[in-house]
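The structure under discussion appears below in the form of C-alpha cells.
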Amino acid sequence: MVGVFFLGKKIRGFAFYDCCFVLFYFGHFLCTRCWGKMENSENSDPVKTLRVLELFSGIGGMRMALERTGRAFEIVSAIDVNPIANSVYTHNFGEKAARNGNILSLTAKTISKLAIDTVLMSPPCQPFTRNGKFNDIHDRRSDPFLHICELLHEIPTVEFILMENVKGFEGSQACALYKARLKEAGFEYQEYVLSPHQFGIPNTRHRYYCLAKRKGKGFKRKADGIIVTHPSNDGGTVPLLTIGDIVDPSENDEKYLLKEAALRKHLPIMDVCTPESNNSMCFTKAYTHYAEGTGSVFTPHSKEEFDKVYHSASIATDEPEKLALLRSLHVRYFTPQEVAKLMSFPKNFNFPETVTDKQRYRVLGNSINVHVVSYLLEELQ
C-alpha cells in the first residue's frame with residue numbers, strides 16, 4: 001500500500017498532513033480487509049451438498065451411514081422394490097423419502113437430469129451365496145445391478161460410488177464386469193472386505209465394499225491395488241463393546257425365549273452369547289427361522305454359570321429335570337432392536353408397529369453395518 005505525505009498548511013485548524021495520515025491508515029485498513037477477504041475467498045473451498053442416489057435402499061442403512069459423516073447431503077431418490085423395507089425407510093425419514101421402483105426402468109437420461117454426484121448401493125446378495133446356488137450374473141436378481149453397470153459411462157455427473165455386497169462377491173463375474181465398467185467410465189476404485197468386529201463392535205459381518213472415484217480425485221487411504229481386509233489406524237474404531245452393552249437388561253418378553261423343542265434339539269449347535277461376550281454371529285434374514293448359522297442367541301447368565309448349568313442338563317437322565325435346567329438358562333433370541341444396535345443403527349431408529357418381528361429380522365438381515373460404511377464414506381471428506 002502506498003501512502004503520500006504532505007507537510008505544511010493547516011486547513012480550518014486541522015493540519016493537512018494529519019488528514020493525510022488519517023487517509024493513509026484508513027486506506028491501509030480497507031485494503032487489508034479487502035485483501036484478507038480475497039485470500040479467504042481463494043483459499044476457502046466450501047463443501048457442497050451431495051446429491052445422492054440411493055439404490056437398493058432397503059431400510060436406509062446407507063443414508064444413516066452418510067448422516068454419521070456430518071456431510072451435507074440430499075437424497076434425491078431412494079429406490080427399492082421391497083414394500084416392507086420402504087415402509088420402514090419412510091417411517092424413519094418421511095412419507096416420500098423412498099419409493100417402490102424397478103431399477104431396470106432407470107435410464108442414463110433420467111439420472112443425469114437429477115444431477116446426481118453420489119451413488120450408494122447394496123444390490124441383492126443372493127446370486128453370490130450358497131443359498132442362491134452361486135448363479136451370479138445368470139440369476140435374474142442380478143439384472144438391476146448389471147443394468148446400472150451398463151449406464152455408468154453415460155452419467156458423467158457422478159463422482160463417487162459406494163457399492164456393498166456379501167463377502168465372496170469379489171470373485172464373481174458380476175464384480176469383474178462392474179470393475180471393468182468403472183474403468184471404462186473413467187473411475188478408479190478401491191476394494192475392501194471388512195467386519196464390524198474389527199472396529200470394536202461385538203458382531204461379525206464380513207462384507208465386500210467397492211469405492212469408486214473419478215480418475216485424478218485420489219483416495220484418502222492408500223490400498224496399493226489390493227483388497228483391504230483391515231481398517232487403517234486413522235480412526236474408525238470404537239471403545240471395545242460387549243454384548244452386555246448392547247442388550248436390553250429389562251427385556252423379558254417370553255416370545256423371544258427359545259421354545260422347548262429348540263432347547264432340546266438346537267441349543268447344542270447354537271452360538272450362545274453372554275453379557276461379557278465380545279462377539280456374535282452374523283445375523284441373516286433367516287434369523288429365528290433356522291437354528292444354525294443365522295445369528296447368535298443370548299443368555300443373561302455369565303459364561304461360567306451357563307456352562308455349569310448346561311453341563312448338569314446334558315448329564316441329567318430325568319427329562320423334566322433336564323428341561324427345567326435348560327429353561328433356567330433363559331436363552332432367548334436377540335430382539336430386532338438389539339440386532340439393529342449390533343448393526344450400529346442410531347438410537348432413534350425404529351420400526352412401524354405394522355411390521356412383524358419376522359419381517360424386521362428379514363430387512364435387518366439384508367441391511368448394512370452403519371458404522372463400517374460411515375468409515376468408508378470418510379472418503380467423501
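Coordinate-derived values only; no laboratory data. These figures come from a predicted structure and were not determined experimentally. All Cβ positions, glycine included, derive from the backbone under ideal geometry; neighbour counts span all protein chains shown.
I want to make sure I understand the PRE zone here: with the label point 7 angstrom from the Cα of F219 toward its beta carbon, which residues in segment 156-179 have backbone N atoms less than 18 Å away? Only 159-172, 175-179 fall inside the zone, counting backbone N under 18 Å. Computed from point charges on the beta carbon alone (+1 for Lys and Arg, -1 for Asp and Glu), the dipole magnitude for the chain about its Cα centre is near 1340 Debye. With axes computed from alpha carbons, what is the tilt in degrees of helix 303-315 against the longest principal axis of the chain, rounded to the nearest 10 within 0 to 90? Compared with the principal axis, the helix lies near 20 degrees. In plain terms, the chain from A176 to L104 could stretch by 23.9 nm, reckoned as 0.36 nm per residue minus the Cα-Cα distance. Please list, by residue number, everything in segment 107-132 whose backbone N is under 17 Å from a paramagnetic label point 7 Å out along Cα→Cβ of Y290. Flagged as within label range: 125-132.
Shape index of the chain: Rg/Rh, with Rg the Cα radius of gyration and Rh the Kirkwood radius from the inverse mean 1/r over Cα pairs, equals 1.20. Between K113 and V193, the modelled label-to-label distance comes to 4.2 nm, taking each label 7 Å out from Cα in the direction of the beta carbon. Spin-label pair N135-K255: with each label point 7 Å from Cα along the Cα-Cβ axis, the two points sit 3.4 nm from one another. Across segment 243-365, the volume of the C-alpha convex hull divided among the residues equals 104 Å³ per residue. Segment 333-381 gives an Rg/Rh value of 1.05, both radii derived from C-alpha positions and Rh following Kirkwood.
Straight-line reach from K48: taking Cα to Cα under 18 Å and skipping same-chain neighbours fewer than 8 places apart, the aspartates and glutamates in range are E67, E74, D117, E159, E378, E379. The alpha carbon convex hull volume per residue for segment 71-118 rounds to 86 Å³.
Normalise the Debye intensity by I(0) for segment 107-182, one equal point scatterer per Cα, no solvent, then take log10 at q = 0.11, 0.21, 0.25 Å⁻¹ and round to two decimals. Results for segment 107-182 at q = 0.11, 0.21, 0.25 Å⁻¹ read -0.29, -0.92, -1.18.
Inter-part distance, segment 87-152 to segment 307-381, computed on C-alpha centroids, equals 28 Å. Within a straight-line Cα-Cα reach of under 26 Å, K322 can be paired with the following lysines, leaving aside sequence neighbours fewer than 8 residues apart in one chain: K255, K259, K265, K303, K308. Computed from the C-beta positions of T157 and H230, the FRET efficiency with R₀ = 25 Å rounds to 0.15.
In straight Cα distance, which aspartates and glutamates are under 14 Å from K179, not counting same-chain residues fewer than 8 positions off? Within the straight-line limit of under 14 Å, K179 reaches these aspartates and glutamates: E150, E164, E170, E188, E191.
With a Förster radius of 41 Å applied to the beta-carbon distance between H311 and E378, the computed FRET efficiency rounds to 0.30.
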